[in-house]
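Enquirer: Questions regarding the structure given below will be posed in turn.
The values are calculated or read from the model by the stated rules, or taken from the named source; none is laboratory data. This one's a predicted model, so the numbers in the text were calculated from it and none came from an experiment. Virtual Cβ from ideal backbone geometry, glycine too; neighbours counted across all protein chains shown. For accessibility, only protein heavy atoms count, side chains too; no ligands or nucleic acids. Shrake-Rupley method; radii C 1.70, N 1.55, O 1.52, S 1.80 Å.
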Amino acid sequence: INLITKKTANHKLEGNLNAFYETVGNYNFDGRIASQFGKNNIQLSGGRYFFDGFTTVDSLRRYQQWKPKEQYFTDFQYNRGLGTLNLRYSGNFFHEILENKGVPETPFFITATDQYFRTIRTQQNLFLTGFIKNHHHLDITVSYSYFNRRRESYKKDLVTLDRTMFDENVDVFHTWMSRGIYNYRKNGSRVHIQAGYEATVETAEGQRIISGFQWMGDFAGFASAEFIIAKKLMIKPAFRYGYNTRFTMPVVPSVHVKYSPLKELDLRASYSRGFRAPSLKELFFEFVDANHNVHGNANLRAENSNHVNAVFSYSGEKKSWSYGTSVTGFYNDIRDQIRSVAVAITP
């Protein structure tokens with residue numbers, strides 16, 4: 001799920017509050033406050049979502065088929081104009097507790113095994129975008145994200161209500177990323193240029209990570225140029241190349257062609273090669289709780305692909321009506337595809 005938060009405020013002070021209640025046990029509350037002053041824009045939002053669980057078996061009220069869950073989240077954003085550039089910072093924090101209370105155990109039904117799953121996520125982002133001079137645009141992103149998942153298992157005494165922890169597991173992931181893109185585009189020019197870089201470093205540590213600690217780095221540069229040969233023909237070649245600390249990264253080329261022999265007719269064709277290295281979570285992470293049973297695969301290989309696409313489109317318009325038709329086709333050839341696979345199915 002991609003959540004795109006509102007980035008600006010239109011008044012010196014504005015805000016909103018939302019509350020939600022549902023009889024099955026949902027109690028949600030969130031709000032936002034924002035302020036615009038001069039070249040500065042500040043926003044703060046946050047909330048709490050709570051679900052107290054639900055079961056259809058009245059005799060097992062302690063054991064919920066739908067597990068109780070509590071979430072806290074907040075987001076902060078700051079924007080400032082710097083001439084033709086814009087500087088923006090955003091930071092968010094998320095904390096969740098999911099409870100899995102066990103059924104009273106035989107023979108005396110005075111003990112039970114309870115598990116708690118705690119997830120903490122935070123991400124810090126810094127963006128600098130805008131024109132450094134006429135026709136020269138810059139877009140730079142620097143980001144850090146943190147993921148912490150803790151599983152705690154307790155033996156609960158249902159008479160005294162005391163509990164004793166007998167198992168604990170913590171997985172921690174860090175990701176550092178930076179991307180920079182430079183664009184040159186001038187109206188009327190027959191050549192448009194784009195170039196940039198991308199660098200990502202991931203670390204993973206925990207009892208369920210092989211050797212207790214793993215890391216991976218991915219560093220790449222890319223460039224493309226758009227050539228307008230004539231009013232009817234445009235060609236855009238591009239390539240990407242870099243270094244991955246675990247997998248051999250090939251040169252990744254692409255080329256796009258657009259030909260318009262008539263005003264109403266467009267012919268487009270493209271070829272591109274793809275490369276994707278598996279992430280550390282796909283390689284080493286195990287996500288097992290009351291609702292999930294996901295296991296990483298340390299033997300994954302990098303995914304390579306070839307893609308061909310063609311589009312034929314014809315359209316036009318008259319004074320009071322318009323018409324159009326298009327035919328598209330593509331061919332994908334993917335080797336060592338990375339995807340989730342069901343290895344076992346139970347009722």
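Enquirer: If you roll a 1.4 Å probe over the heavy atoms of the protein chains, what accessible area per residue do you get for the chain, in Å²?
Expert: In whole numbers, the chain has 63 Å² accessible per residue.
Enquirer: If you take the Cα atoms of the range 279-347, find Rg, then find the Kirkwood Rh from the mean of 1/r over all pairs, what is Rg/Rh?
Expert: On the Cα set of the range 279-347, Rg over Rh gives 1.32.
Enquirer: Run down the lysines and flag those whose C-alpha is under 16 Å from the C-alpha of K231, throwing out any fewer than 8 positions away in its chain.
Expert: List returned: K186, K258, K263.
Enquirer: Hey, if you put +1 on the Cβ of every Lys and Arg and -1 on every Asp and Glu Cβ in the chain, which of I209, Y146, N79 ends up farthest toward the positive end of that dipole?
Expert: Of the listed residues, the answer is N79.
Enquirer: Kirkwood Rh over Cα pairs of the chain into Stokes-Einstein at 25 °C, 0.890 mPa s: D in µm²/s?
Expert: My calculation gives 97 µm²/s for D.
Enquirer: Just to be sure I follow: if Rg is taken over the C-alpha atoms of the range 33-112 and Rh is the Kirkwood radius over the same atoms, what is Rg/Rh?
Expert: 1.37
Enquirer: What is the percent carbon and sulfur in the accessible area of the range 18-102, measuring with a 1.4 Å probe over the protein chains and ignoring ligands?
Expert: That fraction is 60 percent.
Enquirer: Next up: Determine the share of the range 182-283's accessible area contributed by carbon and sulfur atoms, expressed in whole percent, with a 1.4 angstrom probe.
Expert: Answer for the range 182-283 is 60 percent, counting heavy atoms of protein chains only.
Enquirer: Taking the Cα centre of each part, how many Å lie between the range 7-40 and the range 295-334?
Expert: 39 Å
Enquirer: Further question: If you look at just the Cα atoms of the range 45-181, how large are its Rg and its Dmax in Å?
Expert: Looking at the range 45-181, its Cα Rg and Dmax stand at 23.0, 79 Å.
Enquirer: Which chymotrypsin sites (Phe, Trp or Tyr not before Pro) in the range 72-123 pass both tests, a DSSP loop state and at most 11 other beta-carbon atoms within 10 Å?
Expert: Within the range 72-123, the qualifying chymotrypsin sites (Phe, Trp or Tyr not before Pro) (loop, at most 11 other Cβ atoms within 10 Å) are F108, F109.
Enquirer: State the Kirkwood hydrodynamic radius of the range 102-246 in Å, one decimal place, computed from all pairs of distinct Cα atoms.
Expert: 20.1 Å
Enquirer: Show me the trypsin sites (Lys or Arg not before Pro) within the range 10-65 that DSSP assigns to loop and that have at most 10 other Cβ atoms within 10 Å of their Cβ.
Expert: Here the trypsin sites (Lys or Arg not before Pro) that fit, given the DSSP loop and packing criteria, are K12, R61.
Enquirer: Can I ask one more? On each of the three principal axes of the Cα atoms of the range 192-267, give max minus min coordinate, whole Å, ordered largest first.
Expert: The Cα atoms of the range 192-267 stretch 64, 20, 16 Å along their principal axes.
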